[in-house]
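A short reminder: the numbers here are calculations on the coordinates, not readings from a lab. Please read all numbers here as calculations on a predicted model, not as lab measurements. All Cβ positions, even for glycine, are placed from backbone atoms using ideal geometry, and neighbour counts span all protein chains on display.
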Amino acid sequence: GKPVTLRPSIVLRAGVALTLSLCCALLDAAGQPAAPRALTPGVPVTRELASGQSHTYEIVLEAGEYTVVTVKQQYGVPILSLTDPDGRDIVERAARNVSIVAVARGRHVLQVAANKMSAPPGRYELTVDRPRPADARDIARASGDRFLSEAQSLMSQRSASANQDAIDNRTSAI
């Protein structure tokens, strides 16, 4: 057969079209939030976290179960946010660990975020304890975490009434 000769303009247009298609596909994928990663009790997850980033995980609990999530990070203390299966906030605070007593059965969503926008990238290790039925001390500890979370939120409002409410919440946490 006869050799096929492609004109440079056709090759250039095809290359540009392919490049644009790949860039659009990557932007679409990057713009979508990643699906939460399931946490397995007792199995640590190690990841890198840079300023402005967050990672999302899920913890499946039965109603009345208690567990503790622990984060070991090289730099700083991360922000831990936890929501219940109905999407209600349970805890959001800078902490190395958070206690949970599930009110409802289902998927609880945990987000680990860099605490400061200018924080250097660092690795963290995340573990979740094996869930067990909650006793009175577990319920008190989880309530304390919730009160501390509310107090941190109120303190950030910087008003006299919010500060008094924060003091009350911190006192309740103790």
TODO: Kindly rank 123-133, 99-109 from highest to lowest mean number of other beta carbons found within 10 Å of each residue.
DONE: 99-109, 123-133
Open item on the list: Please compute the length gained on full extension between A63 and T83, using 0.36 nm multiplied by the number of residues separating them and subtracting their Cα-Cα distance.
Closed with: 5.8 nm
Open item on the list: Which residues does the label zone of A35 cover in segment 69-112, counting backbone N under 17 Å from a point 7 Å along Cα→Cβ?
Closed with: 107-110
Task: Label-point gap, in nm, between S143 and K72 - each point 7 angstrom along Cα→Cβ - done: 3.2
Task: Positive minus negative residues near R47 (Lys, Arg vs Asp, Glu; Cβ under 14 Å) - done: +1
TODO: Taking the Cβ of Y57 as the centre, find all other residues whose Cβ is under 11 Å away and add up their charges (Lys, Arg: +1; Asp, Glu: -1).
DONE: +2
- [ ] In whole angstrom, note down how far apart the Cα centers of segment 62-81 and segment 114-146 are.
- [x] 2
- [ ] Under 18 Å from a label point 7 Å along Cα→Cβ of R107: give me every residue in segment 33-50 with its amide N that close.
- [x] 33-41
